[in-house]
Amino acid sequence: MLLLIRYELLKTYRKLRTYIGFGLIVVLIPLVYWGLSVAGEDMIDGMTRGLQQNFLFVGSLFNGWFVSNMVMNTLFVHVPFLILLVAGDMFAGEATSGTYRMLLTRPPSRGRIFSVKMASTALYTYSLVLFLAFCSVVPGLIVFGGGEMLMFGEGGLAIIPESEVWWRFLLSYGLAGYAMCIVAALGMLFSTFVENAIGPIVGSFAVIILFFILGNLPFDFFEALRPWLFTTYTDVWRRAFDDPLDWGAVASDMGILAVFWSLFTFAAWLIFRKKDVLS
């Protein structure tokens, strides 16, 4: 099994599209850093203006943790598309390259082939998210230093102690990778339907955009629909920065995402199991 996963990962990382996500992260993060270095202090002043009249702030809240969090908020909306570039190609790419017949007639069972592709996609997903974490956190701390982190969320303004920030970032990126595995499963589901890699990418991204729009329309019907859309829970990583941290809400969101992952994966397996060997 491990040898099959290793072989699948080698196939994945031989393709140029695999590196598009990593390349965009390398290009975009310095641009976000530059923008924050110009306007970041003013942003902090605007967020804390009301508190400065009653509290004395010692040190700088504009630090590497704040910048890293802003980078994540800015770039993470694009990560699903980068994940789908690879996930959408997992099965459809075999048809495009003409290797589907050879793949399905090899000794490994279809169940093992399917499991290997799912595992390889999950590993790629986490590698991209962890690469984003490294490129945002490490340079941010080197350039801007550490300290307490300022957060502005639904509960208002909060300052997270420096002793807690590091593990909250670990938790947030772990949850982000977990959520993106559901996106990858959706891409693989679409990939089993068609025989070109563009269709799954466009189809999956269209579903994500549609669900996101429906979940944010300010009407009673769509507000009632929101809990049934998986996109409602893909920002579970933001809960890592809630103060206080609501572990119950985190567990609930993870459980719901697991249900969607199971549905997408099971549907993809049913289609793949019946896939025509001659395709």
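The values are calculated or read from the model by the stated rules, or taken from the named source; none is laboratory data. Here the structure is a predicted model, which means the values were calculated and not measured. Counting neighbours? That spans all protein chains shown, and the Cβs are built from the backbone with ideal geometry, glycine included.
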ask   = Got at least one residue in the stretch 163-170 being of a type in the set (D, E, K, R), closer than 25 Å to Pro244 by Cα and buried (at least 16 other Cβ atoms within 10 Å of the Cβ)?
value = yes
task = Name the one entry in Leu210, Leu214, Leu278, Leu225 that is more than 18 Å from Tyr173 (Cα to Cα), at pLDDT below 95 and under 19 Å from the mean Cα position of the chain (by Cα).
result = Leu210
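Looking at Phe131, Phe211, can you tell me which residue is touching a residue at least 24 places away in the same chain (Cβ under 8 Å), part of a helix (DSSP H, G or I) and aromatic (Phe, Trp, Tyr)?
Values: Phe211 fails: touching a residue at least 24 places away in the same chain (Cβ under 8 Å).
Within the list Phe131, Phe211, the selection yields Phe131.
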request  = Kindly indicate which of Leu150, Leu157, Leu103 is assigned to a strand (DSSP E or B), more than 24 Å from the chain's Cα centre (by Cα) and at pLDDT below 90.
outcome  = Leu157
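On the given criteria, is Ala197 crowded, with 16+ Cβ neighbours inside 10 Å, at pLDDT below 85 and among the aliphatic types (A, V, I, L, M)?
On the way: crowded, with 16+ Cβ neighbours inside 10 Å: yes; at pLDDT below 85: yes; among the aliphatic types (A, V, I, L, M): yes.
In short, yes.
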remark   = Those residues of the stretch 227-279 that are under 29 Å from Lys117 (Cβ atoms) and either outside any helix (DSSP H, G or I) or in contact with a Phe, Trp or Tyr (Cβ under 6 Å, 6 or more places away or on another chain) (or both) come to a total of 18
message = For the stretch 172-195, check the following and say yes or no: at least one residue is in a helix (DSSP H, G or I), among the aliphatic types (A, V, I, L, M), farther than 20 Å from Arg238 by Cβ and free of Cβ contacts under 8 Å to residues at least 60 places away in the same chain.
response = no
ask   = Where residues in the stretch 30-71 are modelled with pLDDT of 85 or more and touching a Ser or Thr at 6+ places or on another chain (Cβ under 6 Å), which of them is surrounded by the fewest Cβ atoms within 10 Å (Cβ to Cβ)?
value = Val71
